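The block underneath contains the structure these notes are about, expressed in structure tokens.
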Amino acid sequence: QVQLVESGGGLVQAGGSLRLSCAASGRTFSSYSMGWFRQAPGKEREFVSAISWSGSRIAYANSVKGRFTISRRNAKNTVYLQMNSLKPEDTAVYYCAARPGGPDTGYDNYDSWGQGTQVTVSS
């Protein structure tokens, strides 16, 4: 079981930047991949980005490719999501997730979840 806590959300103007952090704790028995998902009001939870334990495999949703960057520092048990050129449609609660396999785009395939952090982009 892995415990995850997100931070770094806030209110920004369109075109601005935020960096989200996800701190992990607890015991891991295998190499976990980490993912970011988001959920806007009235919308289903959607995939944003994911990264393997080694960082050798990375995936992005087409809607954020070129604007967002995922990274991780295993020594600190932390994964990051750098978000640049933010748009109003990026407004959502952002969730960090973990799974004991490779990166995956489906939220049903992740075992552990954080509580979420709110990102609001104004125009």
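The values are calculated or read from the model by the stated rules, or taken from the named source; none is laboratory data. Bear in mind that the values here come from a model prediction, so they are computed numbers and not experimental data. Cβ sites come from the backbone with ideal geometry, for glycine too, and all protein chains shown count toward neighbours. For accessibility, only protein heavy atoms count, side chains too; no ligands or nucleic acids. Shrake-Rupley method; radii C 1.70, N 1.55, O 1.52, S 1.80 Å.
Quick notes
- Selection from the stretch 89-107 of residues that are of a type in the set (D, E, K, R), surrounded by 15 or more Cβ atoms within 10 Å (Cβ to Cβ) and in a helix (DSSP H, G or I): Asp90
- Which numbered condition Gln118 fails, given (1) part of a strand (DSSP E or B); (2) buried (at least 18 other Cβ atoms within 10 Å of the Cβ): (2)
- Strands (runs of 3 or more DSSP E) wholly inside the stretch 1-88 containing at least 1 residues that are open to solvent by less than 50 Å² (accessible area, probe 1.4 Å), under 17 Å from Thr117 (Cβ atoms) and in contact with a Phe, Trp or Tyr (Cβ under 9 Å, 6 or more places away or on another chain): 2-7, 18-26, 33-39, 46-51, 68-73, 78-83
- Filter result for the condition that a residue is without any contact (Cβ under 8 Å) to a residue 40 or more places away in the chain and either aromatic (Phe, Trp, Tyr) or more than 18 Å from Gly26 (Cβ to Cβ) (or both), over Asn62, Asn74: Asn62
- Members of the stretch 111-123 that are modelled with pLDDT under 95 and of a type in the set (Ser, Thr, Tyr): Ser112, Ser123
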